[in-house]
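Read the figures in this text as sums done on the coordinates, not as results from a lab. Just so we're clear, the structure is a prediction, and the values are computed from it rather than from any experiment. Here the Cβ is made from the backbone with ideal geometry for all residues, glycine too, and neighbour counts use every protein chain on show.
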Amino acid sequence: MGPSPRRKVYDVCIVGSGAGGGMAAYMLTRAGANVVMLEAGVPWDNPRDGAMLKWPYESPQRGGGTPERNFGEFDAGLGGWELEGEPYTKAAGTNFGWFRTRMLGGRTNHWGRISLRFGPDDFRRKGLDGLGDDWPIGYDDLEPYYDRVDRLVGIFGSVEHLANHPDGIFLPPPRPRCYELLVKQAAERLAVTCIPARLSILTRPLNGRPACHYCGQCNRGCGVNANFSSTNVLLPPARDTGRLTLLTGAMAREVTVDGRGRATGVSWVDKATGKDEHVQARVVVLAASACESARLLLNSKSSRFPNGLANSSGVVGRYLTDTTGTDVAGFIPRMMDHVPHNEDGVGGGHLYMPWWLDNRKLGFPRGYHIEVWGGLYVPSAGFMGGIEHYPSGGGYGKALKEDYRRYYGTTIGFSGRGEMVPNADSYCEIDPDVKDRWGIPVLRFNWKWSDYEYNQVRHMQETFRSLIDTMGGQVFSPMPTREQGYGIAAGGTIIHELGVTRMGDDPKTSVVDRNCRAHDVKNLFVADGGPFVSQADKNPTWTILALSMRTSEYIIAQRKAGAL
Ligand SMILES: Cc1cc2nc3c(=O)[nH]c(=O)nc-3n(C[C@H](O)[C@H](O)[C@H](O)COP(=O)(O)OP(=O)(O)OC[C@H]3O[C@@H](n4cnc5c(N)ncnc54)[C@H](O)[C@@H]3O)c2cc1C
Ligand code: SF4
């Protein structure tokens, strides 16, 4: 029998098993490192625990949300906006939501799988418009890793040669659904770029995984692993090496250091027993999600690091961003009384509208992309809520049931997802007064949007209304006013929190270097969305995966050279 996990000295300790942690475990174990992974959540396996083919009537709540599963009872996102015993707080005037999962694979079990590369301009925005900061690396540094992620994980899409929206190594995309063809026509009339979606779902078998059978239930966890989750795509090969020790229910409390200021491991709470434990490791990789990794660093105080670990710059927690978002939905009469037709497909839209305009001609500096929703999805709790907004104005009994049938599939919705410019008022810090159930100090969020974001969101609203109008439809809600923030979603609620441990060449203004290694602690790395310097108008996870792969390769090279 070898030493217990508590006694052994591991090569690497990874905190968190989501996108960033899963990729680090995959890379490092396969390169020969003995890795211990601390995951605060419960074990999870999508084919075993997912509910891919369940019918809403199999649930007493007809698939509606629960406190543990905010997106629906069958959803694979165990966690929520609030976690019992694990609060976070908000400074006065702050409207912010923090969605956390507590399960193996983190938020990659449920996520939307919109998988976008950042473009060359996204790494050098300050150089282009003077706002925010440039990354210390560029697209060329990440391109080989994006290519490898594409080949390893699988992604569908189409080669378009668009400026700042780099193509990938794509599997064929699924054809647009009926309502999406109408959207595409309207987009073409308005000169809005509209192309096939780019999602990490297999439309052809890849690396031993089968192609998608188009059940459309990706958010429940795929029963055949045809979509990407860290849980079922990255962690099994890591485990197969025999070099991954996985501890679930393990809530990291702080990173420990020695007298030389080197990380020695991580102290953690065994959630089953409430006992404090410690693992020793030669290298520590934080991938607990951007804000949770910042929290860990801020809570890792010692006489040598009184402001928290890796925080000599005071930048840990700063430059917090989220994607901007707003939605508009409407009713499309042309979709009424339709001929029954096949709307099967992947669990997500088949179309994508990347940013298509030039910000120099607009009243806001950064772009957005558009996501489309609608169609004939499986009805469950909350189905067609707001039927009173349709022409018949709601009703009762038989007439209402008939309306549900007539209007089913006639709703169209657009969601804008845009780039926020980091600002000094948006950050997280340790709340001096509040602790979680294990006595770990919690985060307090501070948040402000600027006019850059408000003006961008107003443009989204106007565009979505024009699209619905061009489709001959009726929008359900009036245009939100400036006082209503033009309908901007609260900070954090698009669930793309980034920054807070940002990268840079200058240790005075950044937390980690260009290899995501802490400037202050030679054997400490961050592999989640924390090192991002800017948001881009793209969803972040493909870049988290590529960065984590690159960071892991750097760790491997440093270990080989005897430097770690
Ligand atoms: C509904 C939804 C839709 C989304 N859609 C998209 C999309 O379409 N495209 C896209 O790019 N992104 C999307 N995202 C975002 C995406 O899920 C995240 O960017 C990604 O999962 C972040 O990876 P991560 O490794 O940083 O963190 P996570 O995936 O959140 O993993 C962090 C892990 O760390 C664990 N952990 C936290 N604290 C501790 C601790 N103290 N000790 C031990 N373990 C800890 C957590 O339990 C979790 O398992 C979506 C997210 C949600 C929720
Ligand atoms: S739509 Fe495809 S990838 Fe998604 S759950 Fe169904 S089979 Fe799996």
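With contacts taken as Cα pairs under 8 Å and at least 6 residues apart, the range 59-126 reaches a relative contact order of 22 percent. Relative to the longest principal axis of the Cα atoms of the chain, helix 451-470 runs at roughly 30 degrees.
Cross-link pairs exceeding 24 Å in C-alpha to C-alpha distance, out of 275/301; 8/271; 435/508; 126/522; 126/448; 90/275, comprise 435/508; 126/522; 90/275.
Residue by residue, the range 272-284 carries 3J(HN,Hα) couplings of 6, 10, x, 7, 7, 10, 8, 10, 9, 8, 7, 9, 10 Hz when phi is fed to the Karplus relation 6.51 cos²θ - 1.76 cosθ + 1.60 (θ = phi - 60°); x denotes Gly or Pro. Taking a ≥ b ≥ c as the square roots of the eigenvalues of the Cα gyration tensor, an a/c ratio of 1.5 or more together with a/b larger than b/c marks the range 479-564 as prolate.
Can you figure out the FRET efficiency of residue 42 with residue 267, using R₀ = 25 Å and their beta-carbon distance, to the nearest 0.05?
On the way: r = 21 Å, r/R0 = 0.84.
Between residue 42 and residue 267 the formula returns 0.75.
Global dimensions of the range 1-78 from alpha-carbon coordinates: Rg and Dmax equal 17.5, 50 Å.
Seen against the Cα atoms of the chain and their longest principal axis, helix 19-30 is set at about 50 degrees. Among the trypsin sites (Lys or Arg not before Pro) within the range 229-293, those in coil by DSSP and having at most 14 neighbouring Cβ atoms inside 10 Å are 260. Counting other Cβ atoms within 10 Å as a rough exposure proxy, the listed residues 383, 228, 445, 170 run 383, 170, 445, 228 from fewest neighbours to most. Here the dipole of the chain is about 1160 debye; that uses its Cα centre as origin and unit charges on the Cβ of Lys and Arg (positive) and Asp and Glu (negative). Its residue count N sets the reference 2.2 N^0.38 Å, and the alpha-carbon radius of gyration of the chain equals 0.96 times that reference. The lysines within cross-link reach of residue 184, meaning a Cα-to-Cα straight distance under 28 Å and a gap of 8 or more places when in the same chain, are 361, 538. Taking a ≥ b ≥ c as the square roots of the Cα gyration tensor eigenvalues, with a/c under 1.5 meaning rounded and otherwise prolate when a/b beats b/c, else oblate, which class fits the range 432-523? Since a/c reaches 1.5 and a/b is larger than b/c, the shape of the range 432-523 is classed as prolate. Is the shape of the range 125-189 best called rounded, prolate or oblate, per the rule: a/c under 1.5 gives rounded, else a/b larger than b/c gives prolate, else oblate, with a ≥ b ≥ c the square roots of the Cα gyration tensor eigenvalues? Because a/c hits 1.5 or more and a/b fails to exceed b/c, the range 125-189 counts as oblate. Think of each Lys and Arg Cβ as +1 and each Asp and Glu Cβ as -1; about the Cα centre, that makes the dipole of the range 412-532 roughly 180 debye. Taking label points 7 Å from Cα along the Cα-to-Cβ direction, residue 128 and residue 304 give a separation of 4.1 nm. Of all beta bridges that DSSP places with both ends in the chain, some 65 percent have antiparallel geometry. Axis of helix 541-560 versus longest Cα principal axis of the chain: the two differ by about 20°, to the nearest ten degrees.
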